[in-house]
Amino acid sequence: MARSTITGIDVGTYHTKVVIADANERNEKGFPKVIGIGIAESRGLRHGYATNIGDVTRSIEKAVRSAEEKAGIKVKKAFLGISGIGLSSITVSSSIVTSRADAEITSMDIDKLSEQTEKDIPKPSIVNRRIIYAIPLEYKIDGNVVLGKPEGMKGNKIELKMLFITCLDHHVADLVQATNDAGIEVEDIMASPVAAGFVVLSKSQKVAGCVLANVGAETVSISVFENNIPTSLEVFPIGSTDITNDIALGLKVPLEEAEQIKIGAITGSTFPRKKLEEIIAARLSDIFELIEAHLKKIGRNGLLPAGIVITGGGSALGTIDVLARSALKLPSRIGTLGILDNKSSFKDATWAVAYGLCIWGMHADSDSGNIETTFNNLIKRIWRKIEGAVKQVLP
């Protein structure tokens, strides 16, 4: 039976956000219409991972109740975003010799190649980690790049570059348990930085190449997109809370006052404006250095035409886009949801993950019952060049 509503849950270190959408109604972009949103202060989390499952459960319960009241429904199932410093990615390249005497590549060859890439993941990179999903980035036949799956083509050697998005196994288990304990069945999970990309980034940006950076309270997560697919993902243990701490130390003010100064709620001559700007710029420079180092590692620094798109609570910091442009030598802008909505609190991109989960859920097979199968089915529809399908989620 077709679902009538979709719920996305984004458990962040600072806030837990819930979005309930109507699966049968669409907004001006063809996305599911939002009928309820809920937010609660997150507790029991540190750098995105659960330190107290009971506290995390209570945060989820509070946010869900708030969304339920606005939507006028009871939430029983939801799609859950996975974030935090336990989240990471690794790219593996493997090759095999085709099995048939006439060198025609079969589906068995492709399956064998996919299995080989998983076997070739370095053991230290996968110990205690769960593969959330695998995304084929590039196929080669006898050294030549081919578009789409090479099934039916001919060649002696086929190669595959595969992106594995992984997370610490206990981190996934803890978040799923906390959600279940809140009375919500987890239909599926998705990496939060990828989910946000459904809402914040346009297809043209993802095709040309861009990096989506979410500046959260205690983490900064980045996902790199090219050819309309995620090609890399990383999370750094630094965030806007570090800026608050720097302001408190630099201006010798209490943490609560430092937070208000950071977000612009306190202005005036009570503190030196130039010194405040220097404090914020110094910490943001640290963040952009980490991003630049990662882009250099994957060979994409200065080579992403659509630049960097910044979201998260930290994106509200005054000149963050200017500093990003200068540090990364890339076009820079602040991400937005890009939709019209009569709920004033649902206009900023901090809701991107929860809403992105709803968009993803709109296309997911709710009856699969398999955490990895659902995403793989969606990948086939979203990224046509990689999986050979014909349907796109985004316009």
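If you take all other residues with their beta carbon under 13 Å from the beta carbon of residue 330, and give Lys and Arg +1 and Asp and Glu -1, the sum is +3.
Ratio of Rg to Rh for segment 204-334: 1.02 [Cα atoms; Kirkwood radius as inverse mean 1/r over pairs]. Protection proxy ranking for 6-13, 222-229, using the average of other Cβ atoms within 10 Å per residue and placing the highest first: 6-13, 222-229.
Against the main long axis of the alpha-carbon atoms of the chain, helix 53-71 sits at an angle near 90°.
So for segment 204-334, if I pair up every lysine 8 or more residues apart or on another chain, how many of those pairs have alpha-carbons under 27 Å apart? Lysine pairs meeting the criterion: 13. Given axes a ≥ b ≥ c from the Cα gyration tensor, I'd like to know whether segment 1-118 is rounded (a/c under 1.5), prolate (a/b larger than b/c) or oblate. Note, shape of segment 1-118 comes out oblate. For segment 134-191, a/c is not less than 1.5, where a ≥ b ≥ c are the root eigenvalues of the C-alpha gyration tensor, and a/b tops b/c. That puts it in the prolate class. Note on segment 1-55 and segment 107-147: Cα centroid distance 31 Å, given to the nearest whole angstrom. In the chain, the calculated helix contribution to ellipticity at 222 nm averages -11500 deg cm²/dmol per residue, counting -39,500 (n - 2.57) for every DSSP H run with n ≥ 4. Relative to the longest principal axis of the Cα atoms of the chain, helix 371-382 runs at roughly 80 degrees. The orientation-averaged shadow of the Cα convex hull for segment 87-167, equal to a quarter of the hull surface, comes to 5.1 nm². Angle of helix 273-297 to the longest C-alpha principal axis of the chain, folded into 0 to 90 degrees and rounded to 10: 10°. Cβ-to-Cβ counts within 10 Å put 351, 360 in ascending order as 360, 351, the fewest first. Measuring nothing but how far apart in sequence close Cα pairs (under 8 Å, 6+ apart) lie, relative to its length, segment 132-197 scores a relative contact order of 32 percent.
Spherically averaged projected area of the convex hull of Cα atoms, the chain: 20.0 nm².
Counting pairs of alpha carbon atoms under 8 Å apart in space and at least six apart in sequence, what relative contact order in percent does segment 87-167 give?
Value for segment 87-167: 48 percent.
A simple count of charges around residue 300, restricted to other residues whose Cβ falls under 15 Å of its Cβ and scoring Lys, Arg +1 and Asp, Glu -1, yields +1. Residues 162, 153, ranked from the fewest to the most other C-beta atoms within 10 Å, line up as 153, 162.
Using Cβ counts within 10 Å as a stand-in for footprinting exposure, how do 194, 322, 207, 19 rank, fewest first?
322, 207, 194, 19
Here, each number is a calculation from the coordinates, and none is a lab measurement. In this text, all values refer to a predicted model and were calculated from it rather than measured experimentally. Reconstructed Cβ throughout: ideal geometry from the backbone, glycine too, with neighbour counts over all protein chains shown.
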